[in-house]
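Scroll down for the structure; my scribbles are underneath it.
The values are calculated or read from the model by the stated rules, or taken from the named source; none is laboratory data. In this text, all values refer to a predicted model and were calculated from it rather than measured experimentally. Virtual Cβ from ideal backbone geometry, glycine too; neighbours counted across all protein chains shown. Side chains are part of the model used for accessible areas, which takes the heavy atoms of the whole protein and leaves out ligands, DNA and RNA. Shrake-Rupley method; radii C 1.70, N 1.55, O 1.52, S 1.80 Å.
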Amino acid sequence: TERNERFDFGYFKTALPGTSTQNMVGALEEPIAVYLFFPSTSAVTEELKSYFAVLDELGGDQFVVEYVDHALEPDLAKELRIRSNGTIALVRGEGEEQQVDRIKVGEDLDAARRKLKRLDEDFNKALLKMARDKRVVYFTAGHGELNWDADNDVLHKTSNLRKLLRALNYSVKELSLADGLGSEIPEDASAVV
């Protein structure tokens, strides 16, 4: 404590920001605020500091990290719908345009270990939702195309592709003749498959 250094020789290790997460933070076009609702005395707070220090340095003015205690900031907690400490909130925009995504970690280190090991994966997904607007991908349907509802026919199922697209912040919809496929492509379509 005299030198303000910490050594942990245990097997447990908090994830570090991956290349993908670092690149996203470095390329942010709109500001994103990250509120870490953890008490300053929590061991989880110490684990999170090593992760977010890297990102805070990369993000500059576009990526702001703040440590807050739920009990000391009740108005902010209410606005972001945070019920207790142990939650990370990502915020983009203000007012009615405000987007909020939450990651529940927990404030007890023993309970939070599993979440801390996959922190980069969870944070990357949440950041991806914040960093870019949701896009729509349409899959044509009605003429025997591959789809995610194929009855037990593994070769004709696209459910894993749909999961991947959703993880990349795409909205996935079907498009058939009944939906207007014969006359035009929907205006909100980023792609038609």
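Placing a pseudo-label 7 Å from each Cα along the Cα-to-Cβ vector at D122 and Q99 gives an inter-label distance of 2.0 nm. Taking a cut-off of 18 Å between Cα atoms, list the aspartates and glutamates near K104, but don't count ones fewer than 8 places away on the same chain. Those aspartates and glutamates meeting the cut-off are E46, E47, E66, D69, E73, E79, D120, E121, D122. Stretching the chain fully between R166 and E184 yields a gain of 4.1 nm (0.36 nm per residue, less the alpha carbon separation).
Rolling a 1.4 angstrom probe over the chain with all protein chains present gives an accessible area of which 47% lies on carbon and sulfur atoms. Each residue, D56 and A111, gets one label point 7 Å from its Cα in the Cβ direction; the gap between the two is 2.5 nm.
Accessible area ranking (1.4 Å probe, heavy atoms, ligands and nucleic acids excluded), largest first, for M130, M24: M24, M130. Remark: the chain carries 65 Å² of accessible area per residue (probe radius 1.4 Å; ligands, DNA and RNA excluded).
Among beta bridges from DSSP that stay inside the range 1-137, the antiparallel ones total about 65%. Ranking L90, L177, L72 from most to least accessible surface, computed with a 1.4 Å probe over the protein chains only, gives L72, L177, L90. Among G26, G142, G106, the residue with the largest mean-square fluctuation in a Gaussian network model of the chain, with springs joining Cα atoms closer than 10 Å, is G142. The value obtained for the chain, namely the Cα convex hull volume divided by the number of residues, is 179 Å³ per residue.
Across H143, H70, the residue with the most accessible area heads the list, and the full order at a 1.4 Å probe is H143, H70. DSSP beta bridges fully contained in the range 34-102 are about 65 percent antiparallel.
Take every pair of alpha-carbon atoms less than 8 Å apart whose residues are at least six positions apart; their mean separation over the length of the chain yields a relative contact order of 21 percent.
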